[in-house]
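Chemist: I have a structure I would like to understand better, so I am pasting it below and will then ask my questions one at a time.
The values are calculated or read from the model by the stated rules, or taken from the named source; none is laboratory data. All figures in this text were calculated on a predicted structure; none of them were measured in a lab. We place every Cβ from the backbone using ideal geometry, glycine too, and count neighbours over all the protein chains shown.
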Amino acid sequence: MEPARSVLTRSCPAADRGGRIPPARPTRGPLLPETAPPPSTVRRRERRSAAERPAAGHAVGRTDRAAARDADREAARAERRAQQLWVEGAAPELPVRTTPPQRVVFHLGPTNSGKTYESLQALAATGSGVYAAPLRQLAHEAYAKLAALLPEGTVGLSTGEEEIDPSAPIVCCTVEKAPVRGELLVLDESHWVADPDRGHHWARLLLTGEYREMHLIAAAEAHPLLAPLVDDAGDVEVVHHQRLSRLDVLRAPVRTTGVRPQTLVVAFSRKTVYAVAAELDRHRPGRVGVLYGALPPATRREVIDRFVTGELDVLVTTDVIGHGINVPATTVLFAETTKFDGVELRPLRTWETAQIAGRAGRYGLTGHGAVGVLTGVPKLRPSVALVAVGAEVARGDRASDLPERRPRLRPELEDLGAIEAVDLPEALVRWQAWARAATRDQAMTPDDVGPLVLRVQALLPLLRGPLGAAGDLHTVWRLVNLPIDYSPPRRTRWLVLARAALRHAVGLPVRPELVLPDVPVGGGVEDFEQTAAAARDAQTLLRQFPGVAGLDSDDAAWVEEECAEAISELLPDAIAVSRSSACVECGTAIAPWFSTCRPCSAPRGRAHDGHPRAGGRDTRRGPRSGSRQGRRPTRSGRG
């Protein structure tokens, strides 16, 4: 007998006078009866039909107008009643799996405690299953380790950007690419289930994944988040891991002249990374590398490989290094301990600090590790106390401040009850109202569907003309769910690609350069980074809508590879010439994100009077890593 689930089940609140309970909505079925479209949809269709019919006369009588008003009022009342019944009378349930897991193993503990190693050993012994992680780099690491242990053809890779033997018995992938069923699932960095942007992928996999066995890897603080999602398992085991190597806190700050080989230096913006790297490069010319999110994946892998092999002594990196990436670092130094999280500039949380500090002293790669702060870079003042607390968390001696978020629940198309694309905004808002009520006292929380609504509303105007023939409900849903950044200033990019897909679907021409930019001729690192990012967006589109503008995903992959090669060649010079920690006019020490000091940025005639320009507005701009000359690209053939 299947164990009863305690999450997100709710009975219909109303019964008829005979005591009978109305039938519940089928699991994951439409939230409105398929035979009765929402009144708003009916009214829109009636008005559209009326607008298309030729006028019967020059005027409408007063009686007819009054009848029309009464009909509109009645329709509005019916719509409000339908919405209330839709929210209050539904019987919402989480998606459920047919076959629950026989066994779930929680691997809980701090960084560098062998959690992932033991799970991969279990996957190799089983010989069939999935390793899923939040980052492509982690999937690559697991693929390399398992491929070295098992016969050729046994292990595959699937990351959305790259596929190698994706039908192999064991597949290493990002969470979004994980199959819904298999023998054994290893889910790394499982605390991402609470991530505001991607957590719904983890929740959906844990709730619906039909695996015989699951191994969930996380910090101990994440266990309360994860346990309710797998409470239908036949057997649950919790394994607590201890850190395998010592992690010490350096008593004194380390100056830029004293940084030793096998050191990671951490900063939290692209400009600061280059500024710190430039300071360090003066003392170790050509032996300093940079690692940050805007670099193409191929460039990131190359930089990491150079650090692993000892070609680079020091790696200046953002917190991308903290997501489980393993490198032979004996020391981690924080150049700053504040970051902009998209909303505000704030101090690091202790769990974020611990994730990064734990990269020092990896068991099997180096000896014991040490963590501290870097000094000597103008205007950067990292907190020694915060780093010390983060080290305690990384050792497992202290609980972290992992945010108390709940796993995210996001709708699928069949959950919405929409009939046409025009219904989606209203259906999404209604779903969120239902989900908030249904999850009020449960272990889940509804995802914010606001970004989806914004995308639909941006797309609907395009469907009023010739493109409307391609704008069916399923196509629009696929377009609005494309994993392409929709935050400014890249919002226009998604809309351009969506419009190109619709034009292609109705047979209208699409210029290739709108979908896939050419490789820049000349330019600097930033130019190639932007082109590589646009090429990754094009790959995302072309995998789901192949043939747009006569292109396929291989064309986009080639552009990204060319950009990655160019960036790898340009990085050493970009690091060496970066001077963002000193005013380019007078040489005064300034913050890394500026290129001139306040006096030098003032209007002519007031350059050094010590006062900012009128109004106190600071117009200084940060440095650029390269010029934009030669930007008009022309793509060459594949070489």
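Chemist: Just to verify a result, which residue in the stretch 563-572, among those that are touching a residue at least 40 places away in the same chain (Cβ under 8 Å) and more than 25 Å from the chain's Cα centre (by Cα), is surrounded by the most Cβ atoms within 10 Å (Cβ to Cβ)?
Modeler: A566
Chemist: Give me the residue from the stretch 188-199 that is free of Cβ contacts under 8 Å to residues at least 60 places away in the same chain and under 16 Å from P224 (Cα atoms) and, out of that set, surrounded by the most Cβ atoms within 10 Å (Cβ to Cβ).
Modeler: Restricting to residues being free of Cβ contacts under 8 Å to residues at least 60 places away in the same chain and under 16 Å from P224 (Cα atoms), the top hit is S190.
Chemist: Still on this structure: Taking the criterion of being within 30 Å of H240 (Cβ to Cβ) and either in contact with a strand residue (DSSP E or B) (Cβ under 6 Å, 6 or more places away or on another chain) or of a type in the set (A, V, I, L, M) (or both), would at least one residue in the stretch 373-383 satisfy it?
Modeler: no
Chemist: Take the residues in the stretch 390-414 that are surrounded by 15 or more Cβ atoms within 10 Å (Cβ to Cβ) and of a type in the set (A, V, I, L, M, F, W, C); name whichever of them is modelled with the highest pLDDT.
Modeler: Among those residues, the one meeting the criterion is A391.
Chemist: What residue, among those in the stretch 512-562 that are of a type in the set (F, W, Y) and farther than 24 Å from R478 by Cβ, is surrounded by the fewest Cβ atoms within 10 Å (Cβ to Cβ)? Even if it seems obvious, please write down each step before you answer.
Modeler: Keep residues of the stretch 512-562 that are of a type in the set (F, W, Y), which gives 528, 545, 558.
Now narrow it down to the ones that are farther than 24 Å from R478 by Cβ: 528, 558.
Working: F528: 27, W558: 17.
Among those residues, the one meeting the criterion is W558.
Chemist: Any idea how many residues of the stretch 244-285 are of a type outside the set (V, I, T) and either surrounded by 19 or more Cβ atoms within 10 Å (Cβ to Cβ) or within 33 Å of the chain's Cα centre (by Cα) (or both)?
Modeler: Qualifying residue count for the region: 20.
Chemist: Does the stretch 149-160 contain at least one residue that is in a helix (DSSP H, G or I), more than 21 Å from M214 (Cβ to Cβ) and without any contact (Cβ under 8 Å) to a residue 24 or more places away in the chain?
Modeler: Taking every residue of the stretch 149-160 in turn, none turns out to be in a helix (DSSP H, G or I), more than 21 Å from M214 (Cβ to Cβ) and without any contact (Cβ under 8 Å) to a residue 24 or more places away in the chain.
Chemist: Does V332 satisfy being out of contact with any Phe, Trp or Tyr (no Cβ under 7 Å at 6 or more places or on another chain), surrounded by 17 or more Cβ atoms within 10 Å (Cβ to Cβ) and more than 28 Å from W202 (Cβ to Cβ)? Can you show your working first?
Modeler: Values: out of contact with any Phe, Trp or Tyr (no Cβ under 7 Å at 6 or more places or on another chain): yes; surrounded by 17 or more Cβ atoms within 10 Å (Cβ to Cβ): yes; more than 28 Å from W202 (Cβ to Cβ): no.
When the stated conditions are applied, V332 does not pass them.
Chemist: Something else now. Which residue out of P425, P451, P483 is under 23 Å from G160 (Cβ atoms), in contact (Cβ under 8 Å) with a residue 12 or more places away in the chain and assigned to a helix (DSSP H, G or I)?
Modeler: Only one candidate passes the filter, namely P451.
Chemist: Does E176 meet the test of being within 15 Å of L205 (Cβ to Cβ), among the acidic types (D, E) and surrounded by fewer than 19 Cβ atoms within 10 Å (Cβ to Cβ)?
Modeler: The answer is yes for E176.
Chemist: Output the number of the condition that L386 fails; it satisfies all remaining conditions of (1) part of a helix (DSSP H, G or I); (2) under 30 Å from V230 (Cα atoms).
Modeler: Going through (1) part of a helix (DSSP H, G or I); (2) under 30 Å from V230 (Cα atoms) one by one, L386 breaks only (2).
Chemist: While we're here: Criterion first (under 27 Å from G160 (Cα atoms), under 23 Å from the mean Cα position of the chain (by Cα) and either buried (at least 18 other Cβ atoms within 10 Å of the Cβ) or modelled with pLDDT of 90 or more (or both)) does R478 satisfy it?
Modeler: For R478, the condition - under 27 Å from G160 (Cα atoms), under 23 Å from the mean Cα position of the chain (by Cα) and either buried (at least 18 other Cβ atoms within 10 Å of the Cβ) or modelled with pLDDT of 90 or more (or both) - is met.
Chemist: Shifting gears a bit: Could you give me the residue pairs with C-beta distances under 6 Å whose first residue belongs to the stretch 350-366 and is under 20 Å from T309 (Cα atoms), whose second residue is at pLDDT 90 or above and part of a loop (DSSP other than H, G, I, E, B) wherever it lies, and which are 6+ apart or on separate chains?
Modeler: L365/P328; T366/P328; T366/T330
Chemist: If you don't mind, another one. Being assigned by TED's automatic domain parsing to the domain that holds Q121, in contact with a strand residue (DSSP E or B) (Cβ under 9 Å, 6 or more places away or on another chain) and in a loop (DSSP other than H, G, I, E, B) is true for just one of A222, A233, A227. Which residue is that?
Modeler: A233
Chemist: Something else about it: Please note which helices (runs of 4 or more DSSP H) are completely contained in the stretch 491-547 and include at least 1 residues that are of a type in the set (S, T, Y).
Modeler: Ranges flagged: 491-505, 525-544.
Chemist: Outside the structural domain of T318 (by TED's automatic domain parsing), in contact with a His (Cβ under 9 Å, 6 or more places away or on another chain) and modelled with pLDDT of 90 or more, is that true of L247?
Modeler: yes
Chemist: Of all residues in the stretch 112-148 being aliphatic (A, V, I, L, M) and not in a helix (DSSP H, G or I), which is surrounded by the fewest Cβ atoms within 10 Å (Cβ to Cβ)?
Modeler: Here the answer is L135.
Chemist: Hey, another quick one. Only one residue in G417, G450 is buried (at least 16 other Cβ atoms within 10 Å of the Cβ) and not aromatic (F, W, Y). Which one?
Modeler: G417
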